[in-house]
Protein chains: 2
Amino acid sequence: MGTDLMFKALADPTRRKILHILNDGEKSAGQIAEQFSISAPSMSHHFNILKQADLIYARRDGQQIYYALNTTVFQDLVTVVLDLLGAHISEREKSE
Amino acid sequence: MGTDLMFKALADPTRRKILHILNDGEKSAGQIAEQFSISAPSMSHHFNILKQADLIYARRDGQQIYYALNTTVFQDLVTVVLDLLGAHISEREKSE
DNA sequence: CATATAATTAGATAATTAGCTAAATACCGT
DNA sequence: ACGGTATTTAGCTAATTATCTAATTATATG
């Protein structure tokens, strides 16, 4: 569960904003990049880090590459955070 | 809610281990440092970053400085993560 | 008050990283 | 096959950061 890559990926505000944008569905690299004043290669760099951290996945459709949140990994992240907290979640609580 | 400082603080594995150690109650700087092969000043640096991120707080007792988790900020962290996920938590769910 | 202990602050250095431009790759339409 | 668009890869640089040693601050005790 690459915890280190995950937290390092989340440490950058640009990358957190990318994740936020992906909240309402997948978007192409270009559509995402539009919302930043950062060069395309720099954006690509961020996509790559998010991908390595398994926070997003990529799918090519024609000329575009579409990115989407990997929501299952966010569940893992919540688990890690709760573990840092030492929260002991009962089975009942986990499933509801 | 210093989100950026919080994630940056969590990006380092040494700091995450410190938080883990603090799970079972407050400990002095020295007691924590024992469990690492890192110089005391470096440890102090990490404590400072965790403190600025509001993830821990410090209390002096004689010669020792005792650190403890600031658990309320972890709750905020979970909220931020869930928000990145786009989870829409109802008021009822929040309060239980 | 002098010394010892706990921890910090100051200052330096090596490694990491976010950003850039230029070049390459992949796909589309004519 | 060629020209155009979308995106990535390569290579560089400036800024950040984790670590160190040396010096400082704060407290306790004989």
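The values are calculated or read from the model by the stated rules, or taken from the named source; none is laboratory data. Only a predicted model underlies this, so the values are computations on that prediction, with no experimental measurement involved. A quick note on method: Cβ atoms are made from the backbone with ideal geometry, for glycine too, and the neighbour counts reach across all protein chains shown. For the accessible areas, the whole protein counts, side chains as well, though only heavy atoms, and no ligand, DNA or RNA atoms are used. Shrake-Rupley method; radii C 1.70, N 1.55, O 1.52, S 1.80 Å.
Cβ-Cβ distances below 7 Å connect the following pairs, each with a first residue in segment A:1-12 that is at the interface with chain B (Cβ under 8 Å from one of its Cβ atoms), a second residue that is not in a helix (DSSP H, G or I), and a separation of six or more residues or different chains: A:7/B:11; A:8/B:11; A:11/B:11.
Checked against the criterion of being closer than 17 Å to residue A:84 by Cβ, out of contact with any helix residue (DSSP H, G or I) (no Cβ under 7 Å at 6 or more places or on another chain) and more than 11 Å from every other protein chain (Cβ to nearest Cβ), the candidates B:17, B:51 yield just one match: B:51.
I'm trying to understand the selection: among the residues of segment B:28-47, which are open to solvent by less than 40 Å² (accessible area, probe 1.4 Å) and either within 14 Å of chain A (Cβ to nearest Cβ) or within 7 Å of DNA strand C (Cβ to nearest atom) (or both)? Break it down into steps so the answer makes sense when it comes.
Step one: list which residues in segment B:28-47 are open to solvent by less than 40 Å² (accessible area, probe 1.4 Å), which gives B:28-29, B:32-33, B:36, B:43, B:46-47.
Across segment B:28-47, the qualifying residues are B:28, B:29, B:33, B:43, B:47.
When residue B:14 is tested against (1) at pLDDT 95 or above; (2) more than 9 Å from DNA strand D (Cβ to nearest atom); (3) within 24 Å of residue A:78 (Cβ to Cβ), only condition (2) is not met. Out of curiosity, is residue A:56 more than 14 Å from DNA strand C (Cβ to nearest atom) and away from chain B (no Cβ under 11 Å)? Here the answer is yes, as residue A:56 does meet what is asked.
Within segment A:17-27, how many residues are crowded, with 18+ Cβ neighbours inside 10 Å and of a type outside the set (Val, Ile, Thr)? Before you say what the answer is, go through the steps one by one.
As a first pass, look at segment A:17-27 and keep what is crowded, with 18+ Cβ neighbours inside 10 Å: A:18-19, A:22, A:27.
Filter once more, keeping what is of a type outside the set (Val, Ile, Thr): A:19, A:22, A:27.
Count: 3.
Can you spot a residue in segment B:56-76 that is assigned to a loop (DSSP other than H, G, I, E, B), surrounded by fewer than 16 Cβ atoms within 10 Å (Cβ to Cβ) and at pLDDT 95 or above? Checked segment B:56-76: at least one residue is assigned to a loop (DSSP other than H, G, I, E, B), surrounded by fewer than 16 Cβ atoms within 10 Å (Cβ to Cβ) and at pLDDT 95 or above.
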